[in-house]
Every structure is written in C-alpha cells, then in structure tokens.
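Okay, structure first, notes after.
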Amino acid sequence: MTTGIWILGDQLWRGQAALRQCDLSDTPVILIESLARARVRPYHRQKLTLIWSAMRHFARELEESGAAVTYVRQADDFEVPLNRWIEANDVDELWVMEPSDRPFGDLIENLQLPIAIRRIPNNHFIWSRAEFQNWAESRKRLVMEDFYRQGRRRFGVLMNGDEPAGGRWNFDRENRKPPKNLPDRPSPPHFEPDDITREVMERVRELPFPLYGSLDDFGWAVTRDGARAVLEYFLDECLPTFGPYQDAMVTGEETMWHGLISPYLNLGLLQPLEVVRAAQEAYRTRDLPLNSVEGFVRQVLGWREYMAGIYGWVDEEYFQSNWFGHDRPLPDFFWDGSKTDMNCLRQVLSQVERRGYAHHIQRLMVLANFALISGISPQAVEDWFHAAFVDAYDWVMQPNAIGMGLFADGGLLATKPYAASANYIDRMSDYCRGCGYDRGDRTGERACPFNFFYWDFLARHRDKLKSLGRMNLMLANLDRIDPEELDAIAEKAADWHRNSRG
Ligand code: SF4
C-alpha cells in the first residue's frame, strides 16, 4: 500500500497534519502550481509570487531531507498532474490536509481520480474546528472577547494563575494613540529575491490573464528561516511600541510598528501558537510593555482564531449575507488608487498596489468603512479584498469583510457597524491635511465624501441601526441635523454615485 501526500500552497510546514504522520523517506509527495486557481480572480502579482516561490522553496527543503518530491509548475489544473503522479508512483491512497478554504474543499470533492482521497483534519490553527464548535455551542452569543479570554486561559497566555497578567484582559484604551510626536519608526525587513523568486516573478509578469498590483517592490520572505527572521525583527524592533500606535496611519509609512507576519502565518511558514509564545516570552524576558504584548496576542490568539472559527461555524448562506441590502458596484479606483482624489483612499490603495499590504485600521476604517457607508455590495468588496492582499484567503476574508468590515451579517460577529465620518480618519491619520476635501464639511462643494456618506448611511438605515442598541448615540446626533440638511446630504451622496466620482 503506497500513501502519497498532496501539499497545498498554504500548508508549507513539516508539522502539517498529513506530513507529520508519514515517514518521508518512503512517501511520495506532490505540490502543484495551478493556473486555473490563479485565474479565479485578479490576484495581486506579489501574492502569486509569494505563494509559488514559497512552495518551490519548501519543495526543495523536503527534497534535501530525502523526500521523493514531485513539483509541477504552471499546470492548467490539478487533476491531470495528480492522475499522472498517482499512476507513476503506484499511489493507492492520497492524503491531503483538509483545506482551510471551503472552495478548495469543493474542488477536491469534485476531482476525478482513480483512488480515494483521505482528508486529514487541519492543524493550521490553535483551535481545531471541532473545538471551536464545542465552544460556540455552549454560548448564547459568539463574542470575540469571551473566546479570546477562553484562549488565554486554555493556553496559559499572559496569565497569573486564573487572573490575566496586569489584572486586566484588555488594554485597548492604551492602544489607540493618534500619530502625534511619534518615535522613530523601524524600516520593515526586505528580502532581495533569490534565483527561485526571480524566476517566479518573470513567469507572473508574463501570465496572459488580468492580475493586480506591482511586483517592483517584492521583498517578502519565502522560507521558514526568512519568516522566523521577520518574527525576531518584530519582537526586537516593533513590539515595544506596537500597542499604542497600532491604529495610527501616516502618509508614506506603510508598516509603522506592525509585524507583517500574517502572510507567513497564513502560508504555514510560522505557526500561530509559536508566535504567541514568542511574544509572551519576550514580555517575560525583555520587560516589554504589557499593553503592546496583549494587543498583539489579541490579534493572533483572539481575532485570527476567532475568524477561522466563525468561518468553519457558519453555513454557506453566510457568505451571501447583505443585511443592509447594499448593491452598488465597486468603484474603479479600488483597482487604481490614482483615480480617486480622496487622499485617505488614494494613499491606502496605492500602498496596496505597491505591497499587497495595509494594516488592520487602513483596511477596516478607510477601505471597508468607505465601502460600507457608500453602499457597495459586500460580496464585491470581499472579492476585492481577497484579490488585493497577499495574506488574503477565503477563511479570513469572508468573516473579516462580510462580518466585521461591512456588517452584512447583521451582527453575528460585531455588535455594531464600524462606520465613521472624516472625524475618525482625521484623528488617527495625517491624510486629511493633504486632501482637497474639507474634513469639516458635509454638504458644501468640497464636503468630504466620508461625511455625507456617513450621515446618509445612518439616515437610510435608521430603523435597523436602532435595533442594535449600541448606535443610539450616533442616531441621537443624526436627529439633531435638520431635515433640509439631511436632504442635502442625501443629494450629495446620490450625486457622487451618479457621477461615479472618486
Ligand atoms: Fe479622506 Fe475626507 Fe480626510 Fe480627504 S478629508 S483624507 S476624503 S477623510
């Protein structure tokens, strides 16, 4: 009986559930680059390069350790190379670790192969799907904070016995400083492309279908050693200051004190518990501020695991949710940031084109916020997020975009929509200072679109928002605007859509 293992592009670690159960010296292994997958949406060129280069490096590592690796470059699809490999290696049973993304699970289900596929439960996350399900079934509401505290207790992270370190679970209040009098920012690590990466870049440049973004600044790590170096860099240079300024946005500062480790976590080059433990160890041995370490642990042990858990928990209809009934198309400028004169959007979108990356507040409070208040279809927005970011996968983007960013699920995941006017962007960034729009105006010639869209959003959905309870303060402010001004606001919003102005 010969067992063979198919390793998917986001399962690049020796400890993944299928690989770790086999003796690599007598288990054939296959990795396949599929052009059909690359065509699903106009992905960022850096994302394709990162995945394919990381796959090629991982295959080489496996080979060097004695495994019989078949690496298929640029196949049209998976089925033909899998069939050939099964026949050539007399494989009787094919193992694959359960994909994190449901569409990939469906693809596997529909493959025409002569042998059975055994799907090994995924160990890519700290919580397995079954464990999250047990937790969710015991709750009335699936609140992230409850899940996060359970995770801290369960894995003994930042705990003093049964109590949280520092006597509090949450240091968010200390972690929302605006970008004023900022300390010097570290330069993010840049990895010069090696021969393997350059070869992939050449190929990606030549692909004959639409893609997005620039490859010019490609500097991502493509190996586990590189990813470990990024983690060490984050712990040394960024984590001490990460907390207070994690929500701040500054023109020309693409990364601030953010770790840029999500692409590596999502490929399997780093493991989430490894990263959480490393942050905890740094807190203990390097005397780091607790608010910074807790803020980071919250992102990985809290939000990341919670998003993955929710994705596995909901049914297929969740992905088509549209609580507000928003159906506007995605403006063209999302694909070309130079086409908008809103400086906040232009800055963030041009950064995404250059790097395939923006930090969580740029994503949530600039991009998703604009999409939410201007009434763009949640599915169109999710699709764009999935295409545009190097760390985007179905499991993370569906709950992040549909649930958190656009509140299209009506509140399964968040207790109120993350909707904001120019006030928030002005407080947390320097973008408004370089903008032709007036951040204080909502109806005049130079009124900021974030302002008229925000108030129009509240007015259009007043009844739904009232039912949430947590929007009452905002609705009380809405009630103070006189009806004539509200009409003018609605006219400005309609006029913007009529002219598709950016
Ligand atoms: Fe963005 Fe409005 Fe500020 Fe311009 S004024 S940067 S459009 S929030």
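Taking only Cα atoms, what is the 0 to 90° angle, nearest 10, from helix 449-460's long axis to the longest principal axis of the chain?
80
Return a whole-number percent for the relative contact order of the chain, with Cα pairs under 8 Å and 6 or more residues apart as the contact set.
Computed over the chain, the figure is 16 percent.
Can you give the charge dipole size of region 186-332 about its Cα centre, rounded to the nearest 20 debye, using +1 on the beta carbon of Lys and Arg and -1 on the beta carbon of Asp and Glu?
The calculated dipole for region 186-332 is roughly 420 debye.
Quick check: residue separation of GLU485 and SER338 times 0.36 nm, minus the Cα distance between them. What number comes out in nm?
Values: separation 147, 0.36 × 147 = 52.92 nm, distance 3.13 nm.
Length gained, GLU485 through SER338: 49.8 nm.
Set the Förster distance to 22 Å, then compute FRET efficiency between LEU473 and ALA136 from the Cβ-Cβ distance, nearest 0.05.
The pair LEU473/ALA136 has a calculated efficiency of 0.15.
Calculate the dipole size of the chain relative to its Cα centre from +1 charges on Lys and Arg beta carbons and -1 charges on Asp and Glu beta carbons; express the result in debye to the nearest 20. Present the calculation step by step, with values, prior to reporting the outcome.
Values: 59 positive and 74 negative charges, 284 e Å.
Magnitude of the dipole: close to 1360 debye.
Share of Cα-Cα pairs in region 32-94 beyond 20 Å, in percent?
Within region 32-94, distances greater than 20 Å cover 36 percent of Cα pairs.
Can you give me the solvent accessible area of LYS466 with a 1.4 Å probe, rounded to the nearest 10 Å²?
Accessible surface of LYS466 is approximately 130 Å².
Considering the options ILE310, LEU473, PHE333, tell which one lies farthest towards the positive end of the dipole of the chain, charges being +1 on Lys and Arg and -1 on Asp and Glu at the Cβ, about the Cα centre.
LEU473
If packing is taken as the average number of other Cβ atoms within 10 Å across a peptide's residues, how do 409-417, 205-213, 288-296 rank, most packed first?
Numbers: 409-417: 18.3, 205-213: 13.6, 288-296: 23.3.
Highest to lowest by the protection proxy: 288-296, 409-417, 205-213.
Pairing the Cα long axis of helix 79-88 with the longest principal axis of the chain, what angle in degrees results, from 0 to 90 and rounded to the nearest 10?
Taking the Cα atoms of the chain, the angle to 79-88 is about 20 degrees.
Keeping the other protein chains in place, figure out the carbon and sulfur percent of the accessible area of the chain, with a 1.4 Å probe.
Details: 9350 of 20890 Å².
The value for the chain is 45 percent carbon and sulfur by accessible area.
Note down the net charge around ARG354, summing +1 for each Lys or Arg and -1 for each Asp or Glu among other residues with Cβ under 10 Å from its Cβ.
-3
In straight Cα distance, which aspartates and glutamates are under 16 Å from LYS180, not counting same-chain residues fewer than 8 positions off?
Within the straight-line limit of under 16 Å, LYS180 reaches these aspartates and glutamates: ASP247, GLU253, ASP426, ASP430.
Could you pull the accessible area for PHE324 with a 1.4 Å probe, rounded to 10 Å²?
Roughly 20 Å² of PHE324 is accessible to a 1.4 Å probe.
Would you calculate a helix-derived [θ] at 222 nm for the chain, using -39,500 (n - 2.57) for each DSSP H run of n ≥ 4 and dividing by the full residue count, to the nearest 500?
When only DSSP H runs of four or more count, the value is -12000 deg cm²/dmol.
In debye, nearest 20: dipole of region 290-393 around its Cα centre with unit charges on the Cβ of K, R (+) and D, E (-)?
About 480 debye.
Just how much of PHE78 is accessible, in Å², when a 1.4 Å probe is used and the result is rounded to the nearest 10?
We get 20 Å² for PHE78.
Would you please give the FRET efficiency between ASP162 and ARG228, computed as 1/(1 + (r/R0)^6) with r the Cβ-Cβ distance and R0 = 51 Å, to the nearest 0.05?
Once rounded, the FRET efficiency stands at 0.95.
Determine the per residue accessible area of the chain with all protein chains present and a 1.4 angstrom probe, expressed in square angstrom.
Accessible area per residue, the chain: 42 Å².
In region 409-442, which residues have a backbone nitrogen under 17 Å from the label point lying 7 Å from ASN322's Cα in the Cα-to-Cβ direction?
Within reach of a label on ASN322: 409-411.
Have a look at MET256, LEU239, LEU267 and report the one farthest towards the positive end of the charge dipole of region 236-308, computed about the Cα centre with Cβ charges (Lys/Arg +1, Asp/Glu -1).
Checked the options; the winner is LEU267.
Looking only at the chain, where both bridge partners belong to it, what percent of the DSSP beta bridges are antiparallel (to the nearest 5)?
Percent antiparallel among DSSP bridges in the chain is about 15.
Between THR2 and SER25, what length comes free when the chain is fully extended (0.36 nm per residue of separation minus the Cα-Cα distance, one decimal in nm)?
Here the answer is 7.1 nm.
Return, for the Cα atoms of the chain, the radius of gyration and Dmax in Å, separated by a comma.
23.5, 78
Name the residue from PHE319, ALA380, ASN423 whose Cα lies farthest towards the positive end of the charge dipole of region 297-455, charges +1 on Cβ of Lys and Arg and -1 on Cβ of Asp and Glu.
Looking along the dipole axis, the top candidate is ASN423.
The values are calculated or read from the model by the stated rules, or taken from the named source; none is laboratory data. Given the structure is predicted, the values throughout are model-derived calculations rather than measurements. We place every Cβ from the backbone using ideal geometry, glycine too, and count neighbours over all the protein chains shown. Just the protein is used for accessible areas: all its heavy atoms, side chains included, with ligands, DNA and RNA removed. Shrake-Rupley method; radii C 1.70, N 1.55, O 1.52, S 1.80 Å.
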